[in-house]
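K.L.:
Please find one structure pasted underneath; my questions will follow.
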Amino acid sequence: MSLSNTSPLQRHWVFAWRSERLLPYLLLAPAVVVTLVIVFMPMVQAVWTSFYDLILFKPNASKFVGFGNYVKLFNDPVFWTALWNTLLWIGLTVPLQMGLGLLAALLLNREFPWRGLARALIIIPWALPSVVIALMWRWIYDPNTGVLNDILVYLSIVQTAVPWLADPDVAIYAIIATLTWQGFPFFAVMILAGLQGIPKSQYEAASIDGASAWRQFIHITLPGIAPVLATAGLLRVIWVANSMDVIFVMTGGGPGYATHTLPLYAFIKARQNLDFGYGTSIAVTFTILLGAFVVLYLARTMREVER
Amino acid sequence: MKFLKTLALGAVLAASAAFTQAQAETVRFWYHFDNPANPMGDLVKKFEAANPGITIEAENVPWNSYYDNLYTSLVGGNAPDAAMVKLFAQPRLVEMGALEPLAERIDAWQGKADLLDNLLDLNKGPDGTQYYLPIQYVVLYLYYRTDLFEAAGLQPPKTCEEFRDAAIKLTKAPETYGFGLRGGKGGWDQWGAFVMSQGAELKPGGLVNPEAIAANQWLIDLFQKDKVIPPSAPNDGFQEIIAAFKSGKTAMTIHHIGSSKDLVAALGDKVSAVPVPACGKGRWTSYGDESLAIFSNSEVKDAAWKWISFLAEGENNVAFNSATGQMTVTKSGSADWKLHERRFVDATIESLPFAKVLPQTSAVSEFVNTAWQTHMQQALTGQITAAQMMEQLQTLFAE
């Protein structure tokens with residue numbers, strides 16, 4: 001029997017096979033189209049814009065400069081300052097948030113009166129809008145009228161008020177402290193959920209075997225919440241890296257360039273100086289750096305977690 | 001026949017619909033008021049009652065990102081029809097081709113004669129065309145604490161030397177400092193009183209001449225060596241300098257009449273004002289302008305003009321100024337001025353002879369928006385020297 005002599009049944013089978021192969025793509029198509037239009041098109045356009053000398057209030061003087069903006073960028077001392085500040089920003093904020101979150105979660109996992117209320121209250125910093133937090137802390141840090149200096153002077157910890165946000169050596173750490181306060185509840189809640197998923201029987205078995213509280217923490221608790229830490233950590237790295245609203249409101253990147261991070265620098269260049277070409281090249285460079293980090297992180301951490 | 005009737009009726013209906021549509025125009029208007037007591041709603045109501053068929057959508061846009069929003073909305077094609085604008089933005093807006101010339105409309109307008117002299121000239125565009133209609137003005141002067149000056153046996157300073165002398169005598173750190181300097185955003189106009197007065201100019205070579213550098217060094221020294229300025233100065237904006245002055249942390253500061261109500265409420269008779277001191281050869285203070293403009297892309301220019309000219313007329317302008325706390329631009333409004341205590345009005349008027357505006361170039365916009373602040377903060381905190389600050393700012397004005 002030759003192939004051309006296919007029976008109606010076979011033909012039907014081929015058709016069904018084809019539509020079965022096609023169907024998932026058809027179902028996915030709307031989502032893919034939307035993602036292409038609202039995510040990838042602007043991304044491609046951003047890369048394209050970064051090849052232009054485009055200043056918004058000089059629309060007629062726009063011209064193609066190829067990698068010109070990138071060459072300028074790598075020769076720009078502010079870029080390197082901002083890159084270092086960004087590393088400091090992520091490298092301190094996320095571990096501090098995670099540490100504080102872990103501590104809070106362990107406390108909240110214990111039995112104590114009013115525990116439900118405590119669990120609800122701890123969310124407050126996370127639930128407040130960033131701008132409100134930034135303004136609040138700006139006044140807390142204020143050397144002339146702020147409460148922090150008042151307390152420190154009263155307790156004789158410092159002799160005179162410290163200009164937290166006006167000192168270039170201190171400003172970025174002051175903002176990191178603010179963001180740590182804002183972000184730790186996210187970790188606390190995620191880790192608390194992870195803790196409740198660890199079966200009690202494991203702790204019971206360990207204590208029968210004579211394991212100390214510390215060893216229980218190292219060998220049961222930590223492995224139990226490792227997947228949560230890995231995922232929440234990654235999310236926070238991305239959010240913290242991109243968040244500039246708190247910095248913008250608290251110092252506007254100053255004093256000088258002391259609190260410029262790359263996203264903030266891109267924002268100031270593009271939106272305040274209206275230099276979209278250069279601003280976009282900063283944003284694209286930062287996206288590539290962050291993307292590379294995320295890939296490395298995923299490759300390493302997820303392997304560890306699966307093991 | 002019946003068909004024709006229906007057709008005719010339909011045509012009439014369509015025409016009347018088109019007619020009402022042409023009548024009902026909406027003017028989108030942007031402004032920025034810091035004051036919580038906002039009379040804009042009442043002004044809009046009054047205008048709409050007098051001009052049926054025009055609806056005003058007035059939006060209070062936060063000051064800190066006012067111009068960022070304005071420029072991007074102009075480029076994005078979603079700009080308002082009219083807005084409050086300042087002179088420093090005019091060169092950029094002209095370069096973008098965003099402004100509608102107003103000269104003919106102003107000439108035909110009955111309110112023109114009531115505008116204070118000279119304001120229209122001050123507001124002219126860089127190309128000599130009139131795009132701006134003045135709406136209010138202020139002049140920066142020196143606020144001082146009368147009680148602290150009296151206790152120290154001092155007179156309000158008339159020169160930079162007297163100013164420094166008084167600041168040193170009034171400083172009892174960390175409780176009190178002589179002068180509240182605004183080192184953060186918007187502080188360039190305070191800086192101008194000390195540096196622009198001594199020969200600094202925003203033009204090629206204008207910032208790196210020895211007099212200008214020495215003047216800048218003198219100001220930085222007030223912070224670093226004399227320590228008569230609170231250590232928070234590099235990050236201090238408007239809110240901070242006013243809060244510090246109100247709480248008695250500083251004995252002098254430079255701002256305009258817009259904050260006088262607030263200061264009098266907190267300090268009563270213990271606050272007064274004089275023109276900024278004369279420094280070196282000259283005297284310089286910032287003329288703070290605010291105008292209204294119509295954008296060239298607007299489709300309701302006539303209605304927009306009716307609205308902005310309404311705001312610049314006699315009593316409407318006074319109502320507008322009662323919210324911003326600034327000075328009216330009309331002669332009829334000034335004649336019977338009750339919004340401010342007399343001593344602050346006097347200090348403003350005495351300052352007018354040497355009040356100046358910055359040159360109108362687009363580099364000035366960058367100077368005002370970001371560059372001055374960044375470099376001043378670096379100089380104050382010792383990351384760069386006073387001379388380096390001037391050299392770096394000069395690169396903005398290199399031809």
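K.L.:
With more than 14 Å from chain A (Cβ to nearest Cβ) and free of Cβ contacts under 8 Å to residues at least 24 places away in the same chain as the only criterion, which of B:Ala215, B:Ala152, B:Ala166, B:Ala243 stands out? Step through it out loud before you land on a result.
P.N.:
Numbers: B:Ala215 fails: free of Cβ contacts under 8 Å to residues at least 24 places away in the same chain; B:Ala166 fails: free of Cβ contacts under 8 Å to residues at least 24 places away in the same chain; B:Ala243 fails: more than 14 Å from chain A (Cβ to nearest Cβ).
After ruling out the rest, the residue left standing is B:Ala152.
K.L.:
Check segment B:75-83 and report whether any residue there is within 11 Å of chain A (Cβ to nearest Cβ) and surrounded by fewer than 20 Cβ atoms within 10 Å (Cβ to Cβ). Step through it out loud before you land on a result.
P.N.:
Restricting attention to segment B:75-83, the residues satisfying the condition of being within 11 Å of chain A (Cβ to nearest Cβ) are B:75-76.
So of that shortlist, the ones also surrounded by fewer than 20 Cβ atoms within 10 Å (Cβ to Cβ) come out as B:75-76.
Scanning segment B:75-83 turns up at least one residue that is within 11 Å of chain A (Cβ to nearest Cβ) and surrounded by fewer than 20 Cβ atoms within 10 Å (Cβ to Cβ).
K.L.:
Give the residue, chosen from B:Lys172, B:Lys203, B:Lys185, B:Lys270, that is away from every other protein chain (no Cβ under 14 Å), out of contact with any strand residue (DSSP E or B) (no Cβ under 7 Å at 6 or more places or on another chain) and at negative phi.
P.N.:
B:Lys203
K.L.:
Which of the residues that make up segment B:369-388 are crowded, with 20+ Cβ neighbours inside 10 Å and either of a type in the set (D, E, K, R) or more than 11 Å from chain A (Cβ to nearest Cβ) (or both)?
P.N.:
Once the filter is applied, which keeps residues that are crowded, with 20+ Cβ neighbours inside 10 Å and either of a type in the set (D, E, K, R) or more than 11 Å from chain A (Cβ to nearest Cβ) (or both), segment B:369-388 yields B:Trp372, B:Ala386.
K.L.:
Filter segment B:228-240 down to residues that are at the interface with another protein chain (Cβ under 7 Å from one of its Cβ atoms) and surrounded by fewer than 24 Cβ atoms within 10 Å (Cβ to Cβ), then give me how many there are.
P.N.:
The number of residues fulfilling the criteria is 1.
K.L.:
Restricting attention to segment A:185-226, which residues are small (Gly, Ala, Ser), touching a residue at least 60 places away in the same chain (Cβ under 8 Å) and surrounded by fewer than 16 Cβ atoms within 10 Å (Cβ to Cβ)?
P.N.:
Within segment A:185-226, just A:Ala226 meets the criteria.
K.L.:
Among the residues of segment A:87-112, count how many are charged (D, E, K, R) and within 14 Å of A:Ala193 (Cα to Cα).
P.N.:
The initial filter retains those residues of segment A:87-112 that are charged (D, E, K, R), namely A:110-111.
Still in the running and within 14 Å of A:Ala193 (Cα to Cα): A:110.
Summing the residues that are charged (D, E, K, R) and within 14 Å of A:Ala193 (Cα to Cα) in segment A:87-112 gives 1.
K.L.:
For residues that are buried (at least 19 other Cβ atoms within 10 Å of the Cβ) and more than 13 Å from chain A (Cβ to nearest Cβ), scanning just segment B:252-262, find the one that is farthest from B:Val139 (Cα to Cα).
P.N.:
Filtering first and then ranking leaves B:Met252.
K.L.:
Residue by residue through segment A:150-175, note down the ones that are within 9 Å of chain B (Cβ to nearest Cβ) and either buried (at least 23 other Cβ atoms within 10 Å of the Cβ) or without any contact (Cβ under 8 Å) to a residue 40 or more places away in the chain (or both).
P.N.:
The answer is A:Val153, A:Gln159, A:Thr160, A:Ala161, A:Val162, A:Pro163, A:Trp164, A:Leu165, A:Ala166, A:Ala171.
K.L.:
Can you find a residue that is under 27 Å from B:Phe245 (Cβ atoms) and out of contact with any strand residue (DSSP E or B) (no Cβ under 9 Å at 6 or more places or on another chain) anywhere in segment A:115-131?
P.N.:
Yes, the conditions are met somewhere in segment A:115-131.
K.L.:
Six or more apart or on different chains, Cβ atoms under 9 Å: show the pairs whose first residue is in segment B:46-72 and outside the structural domain of B:Leu292 (by TED's automatic domain parsing) and at pLDDT 90 or above and whose second is surrounded by 13 or more Cβ atoms within 10 Å (Cβ to Cβ) and not aliphatic (A, V, I, L, M).
P.N.:
Correct list of pairs: empty, since none qualify.
K.L.:
Report whether or not B:Leu142 is away from chain A (no Cβ under 14 Å), in contact (Cβ under 8 Å) with a residue 40 or more places away in the chain and either in a helix (DSSP H, G or I) or of a type in the set (Phe, Trp, Tyr) (or both).
P.N.:
no
K.L.:
A:Asn242 passes all but one of (1) within 12 Å of chain B (Cβ to nearest Cβ); (2) of a type outside the set (D, E, K, R); (3) surrounded by fewer than 22 Cβ atoms within 10 Å (Cβ to Cβ); which number fails?
P.N.:
(1)
K.L.:
Looking at (1) under 14 Å from B:Phe295 (Cβ atoms); (2) over 23 Å from the mean Cα position of the chain (by Cα); (3) part of a strand (DSSP E or B), which is the only condition B:Val75 fails?
P.N.:
(3)
K.L.:
Do the conditions hold for B:Val195, that is, is it at pLDDT 90 or above, assigned to a loop (DSSP other than H, G, I, E, B) and more than 14 Å from every other protein chain (Cβ to nearest Cβ)? Quick ask: steps written out before the conclusion?
P.N.:
Details: at pLDDT 90 or above: yes; assigned to a loop (DSSP other than H, G, I, E, B): no; more than 14 Å from every other protein chain (Cβ to nearest Cβ): yes.
So B:Val195 fails the test.
K.L.:
Which one of B:Glu391, B:Glu366, B:Glu350 is within 21 Å of the chain's Cα centre (by Cα), part of a helix (DSSP H, G or I) and away from chain A (no Cβ under 13 Å)?
P.N.:
Among B:Glu391, B:Glu366, B:Glu350, only B:Glu350 is within 21 Å of the chain's Cα centre (by Cα), part of a helix (DSSP H, G or I) and away from chain A (no Cβ under 13 Å).
K.L.:
Checking A:Met250 against (1) away from chain B (no Cβ under 14 Å); (2) modelled with pLDDT of 90 or more, which test does it fail?
P.N.:
Evaluating A:Met250 over (1) away from chain B (no Cβ under 14 Å); (2) modelled with pLDDT of 90 or more leaves (1) as the failure.
K.L.:
Something else now. Among A:Thr285, A:Thr259, which is surrounded by fewer than 23 Cβ atoms within 10 Å (Cβ to Cβ) and more than 8 Å from chain B (Cβ to nearest Cβ)?
P.N.:
A:Thr285 is the lone residue from the list that is surrounded by fewer than 23 Cβ atoms within 10 Å (Cβ to Cβ) and more than 8 Å from chain B (Cβ to nearest Cβ).
The values are calculated or read from the model by the stated rules, or taken from the named source; none is laboratory data. The structure presented is a predicted model; accordingly, all values stated were derived computationally and were not measured. Please note: Cβ atoms are built from the backbone with ideal geometry, for glycine as well, and neighbour counts cover all protein chains shown.
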